[in-house]
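**Student:** The structure that follows is given in the form of structure tokens.
The values are calculated or read from the model by the stated rules, or taken from the named source; none is laboratory data. What you see is a predicted model, and the numbers here were worked out from it, not measured in a lab. When we count neighbours, we look across all protein chains shown, and the Cβ atoms used for this are built from the backbone with ideal geometry, even at glycine. In case anyone asks, the SASA skips ligands and DNA or RNA and just uses the protein heavy atoms, side chains included. Shrake-Rupley method; radii C 1.70, N 1.55, O 1.52, S 1.80 Å.
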Amino acid sequence: MGEIFTSLVEHISSGGAGVLNFQGKRVFMDFTAPGDLAVGRIIEDKRSWARAELLELSEASPLRASPACPLYGTCGGCSLQHLNYKTQVAEKALILQDAFKHIGGITLPPAFDFIPSPPWNYRNRMQLHCILQNRPQAKNHRAGTHSGLLATQFPAPLATQFPAQNRLGFMGRKSGDIIPVDRCPVADPGIASALQEGAILPPPAKDRFTVFSFETTLLSEGTIRGKAQSRGTVTLLGKELRMDAGVFFQSNCGMLERLIGDLAQIAGTTDRTLPMADLYCGVGTFAAFLGEQFPRIDLVEENPEAIVLARENIRGQDGRLFAQTGDLWAKGCTMDSSYGFMVADPPRQGLSPALRRALAEKGPPVLAYVSCDPGTLARDCGELLAGGYRLEMLRGYDFYPQTAHIESLAVFRKG
Ligand SMILES: C[S@@+](CC[C@H](N)C(=O)[O-])C[C@H]1O[C@@H](n2cnc3c(N)ncnc32)[C@H](O)[C@@H]1O
């Protein structure tokens, strides 16, 4: 049994756990809020940090909120529901700031802010898992059970009330379990009502699949109300984009529209007689809105299915599409110094080593870097600054309220 201690929760870590100090060591404890006086037990003890489980709250922080979802604590998503929304946003801003200070050794520019989202019913794209009884479960997936949290703090999960068959679910918290779900307070209303009606069915050959809903668009890799439609059109800021439920698309369209507006404004400050590039372009969402301002746009994306859709989304523009990794593109002769502006939106791993070296050496005068990981953004930022860029602006966008995910935009300018 690990040591039991009482300590004050200071802030939230990038993974969403509360951070406390015990005997000079940083201790991470899930389900705690800054300002809680928490009683915990050490469950993992490393040289420079430890992990503890929450036993009880000696004093509850005024920054707490009552979790809205009965599956809070069981489902793997939305682990910040116990914080009021204003605190969630403030803590994410601190995490971003901290990553820049500690990983990149960088002080933030004066232009730093964090844009909130509607905190509920925002999520347009979701991955669902199947727990159909007559289908083989994927490895390590079993029907969900509650994970032994404090009964007084977490409401009994709906999971136990569901019939244990023909159900869809989300991944459980750290367990590999699938938690049956028939309502989800962060889901877009289109997904939420289809879930509640039991109208979403999985595709035959998949044990997890994606659904998308925004305004009148409703897509799924399986079926919704008997309709099989994976590919379709979504309207953002009055423009129609082609997309597919099975291909990456942003998960919060409201925040995406805000981000696109900001990118368009930044593009307007660059030399629009030169070409631009959209790196890690997905289905060309950013290119569709920004490319028209430039004489040519180059798009780089490793997923050939996304490239097919990107081609449709930039129709009418002078575009060159590179179906290859950012790394290969940077190593080839295409990454030259002729661009006036670039947008890069890599996955969590951030820019590949070859690409960030190339950008530091011969990147465009203005680079807009959209990131879903403060740690890799801060790392890449260090290399870009060493290459002569200055960090002009950093803005967080709360694409994922109630969760610990952090999305941000950093704008780098040369000279
Ligand atoms: C965060 S998404 C951004 C997509 C797009 N900008 C958007 O907003 O929809 C990252 C994209 O990078 C692609 N990707 C992942 N690794 C890549 C790599 N090494 N080289 C090029 N593209 C990559 C993924 O397929 C995905 O479409």
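**Student:** Does residue 292 satisfy the condition of being near the ligand (Cβ under 10 Å from one of its atoms) and outside any strand (DSSP E or B)?
**Tutor:** Values: near the ligand (Cβ under 10 Å from one of its atoms): no; outside any strand (DSSP E or B): yes.
No, not satisfied.
Yes/no matrix, rows are residues, columns are (1) acidic (Asp, Glu); (2) outside the structural domain of residue 92 (by TED's automatic domain parsing); (3) crowded, with 19+ Cβ neighbours inside 10 Å; (4) closer than 30 Å to residue 182 by Cβ:
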{"site": "12", "(1), (2), (3), (4)": "no, yes, yes, yes"}
{"site": "26", "(1), (2), (3), (4)": "no, yes, no, no"}
{"site": "37", "(1), (2), (3), (4)": "no, yes, no, no"}
{"site": "45", "(1), (2), (3), (4)": "yes, yes, no, no"}
{"site": "48", "(1), (2), (3), (4)": "no, yes, no, no"}
{"site": "52", "(1), (2), (3), (4)": "no, yes, yes, no"}
{"site": "64", "(1), (2), (3), (4)": "no, yes, no, yes"}
{"site": "71", "(1), (2), (3), (4)": "no, yes, yes, yes"}
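**Student:** Exactly one of (1) touching a Leu at 6+ places or on another chain (Cβ under 8 Å); (2) more than 16 Å from the ligand (Cβ to nearest atom); (3) part of a loop (DSSP other than H, G, I, E, B) is unmet by residue 250. Its number?
**Tutor:** (2)
**Student:** While we're looking at this one, here's another question. Hey, any hits in the stretch 16-32 for a residue that's among the polar types (S, T, N, Q), over 18 Å from residue 98 (Cβ atoms) and without any contact (Cβ under 8 Å) to a residue 24 or more places away in the chain? Give the derivation first.
**Tutor:** The initial filter retains those residues of the stretch 16-32 that are among the polar types (S, T, N, Q), namely 21, 23, 32.
In the following step, the residues that additionally are over 18 Å from residue 98 (Cβ atoms) were identified as 23.
In the following step, the residues that additionally are without any contact (Cβ under 8 Å) to a residue 24 or more places away in the chain were identified as 23.
Scanning the stretch 16-32 turns up at least one residue that is among the polar types (S, T, N, Q), over 18 Å from residue 98 (Cβ atoms) and without any contact (Cβ under 8 Å) to a residue 24 or more places away in the chain.
**Student:** Does residue 213 satisfy the condition of being in contact (Cβ under 8 Å) with a residue 60 or more places away in the chain and open to solvent by less than 60 Å² (accessible area, probe 1.4 Å)?
**Tutor:** Details: in contact (Cβ under 8 Å) with a residue 60 or more places away in the chain: yes; open to solvent by less than 60 Å² (accessible area, probe 1.4 Å): yes.
Yes; evaluated as a whole, the condition is true for this residue.
**Student:** Checking residue 349 against (1) buried (at least 17 other Cβ atoms within 10 Å of the Cβ); (2) farther than 30 Å from residue 63 by Cβ; (3) within 19 Å of the chain's Cα centre (by Cα), which test does it fail?
**Tutor:** Result: residue 349 fails condition (1) only.
**Student:** Of the residues 321, 309, 328, 367, which is in contact with a helix residue (DSSP H, G or I) (Cβ under 9 Å, 6 or more places away or on another chain), of a type outside the set (Phe, Trp, Tyr) and open to solvent by less than 10 Å² (accessible area, probe 1.4 Å)? Please lay out each step first, then the result.
**Tutor:** Numbers: 321 fails: open to solvent by less than 10 Å² (accessible area, probe 1.4 Å); 309 fails: in contact with a helix residue (DSSP H, G or I) (Cβ under 9 Å, 6 or more places away or on another chain); 328 fails: open to solvent by less than 10 Å² (accessible area, probe 1.4 Å).
Criteria check complete, one pass: 367.
**Student:** Right, something else. Could we say that residue 286 is away from the ligand (no atom under 14 Å from the Cβ), within 20 Å of residue 381 (Cβ to Cβ) and open to solvent by less than 60 Å² (accessible area, probe 1.4 Å) here?
**Tutor:** Working: away from the ligand (no atom under 14 Å from the Cβ): no; within 20 Å of residue 381 (Cβ to Cβ): yes; open to solvent by less than 60 Å² (accessible area, probe 1.4 Å): yes.
No.
**Student:** Output the residues belonging to the stretch 14-24 that are among the hydrophobic types (A, V, I, L, M, F, W, C) and open to solvent by 10 Å² or more (accessible area, probe 1.4 Å).
**Tutor:** So the first thing to find is which residues in the stretch 14-24 are among the hydrophobic types (A, V, I, L, M, F, W, C), and the list is 17, 19-20, 22.
Selection gives 22 alone.
**Student:** With the structure loaded, tell me whether residue 300 is closer than 20 Å to residue 258 by Cβ and of a type outside the set (Ser, Thr, Tyr) or whether it fails that test. Walk me through it before giving the result.
**Tutor:** Numbers: closer than 20 Å to residue 258 by Cβ: no; of a type outside the set (Ser, Thr, Tyr): yes.
So residue 300 fails the test.
**Student:** Look through the stretch 175-196, keep the residues that are over 24 Å from residue 119 (Cβ atoms) and either modelled with pLDDT of 95 or more or not in a strand (DSSP E or B) (or both), and return whichever of them is most open to solvent (accessible area, probe 1.4 Å).
**Tutor:** Once the filter is applied, the top-ranked residue is 175.
**Student:** Exactly one of these conditions fails for residue 411: (1) open to solvent by 10 Å² or more (accessible area, probe 1.4 Å); (2) away from the ligand (no atom under 15 Å from the Cβ); (3) within 22 Å of residue 260 (Cα to Cα); (4) not polar (S, T, N, Q). Give me its number.
**Tutor:** So the condition that residue 411 fails would be (1).
**Student:** Something else about it: Restricting to the stretch 254-283, count the residues that are open to solvent by 20 Å² or more (accessible area, probe 1.4 Å), within 14 Å of the ligand (Cβ to nearest atom) and touching a Gly at 6+ places or on another chain (Cβ under 9 Å).
**Tutor:** So the answer is 1.
**Student:** Counting just the residues of the stretch 295-306 that are of a type in the set (Asp, Glu) and open to solvent by 60 Å² or more (accessible area, probe 1.4 Å), which one comes out farthest from the ligand (Cβ to nearest atom)? Walk me through it before giving the result.
**Tutor:** Quick first cut of the stretch 295-306, residues of a type in the set (Asp, Glu) only: 298, 301-302, 305.
Cutting the leftovers down to open to solvent by 60 Å² or more (accessible area, probe 1.4 Å) gives us 302, 305.
On the way: 302: 4, 305: 9 Å.
Looking at the filtered set, the residue picked out is 305.
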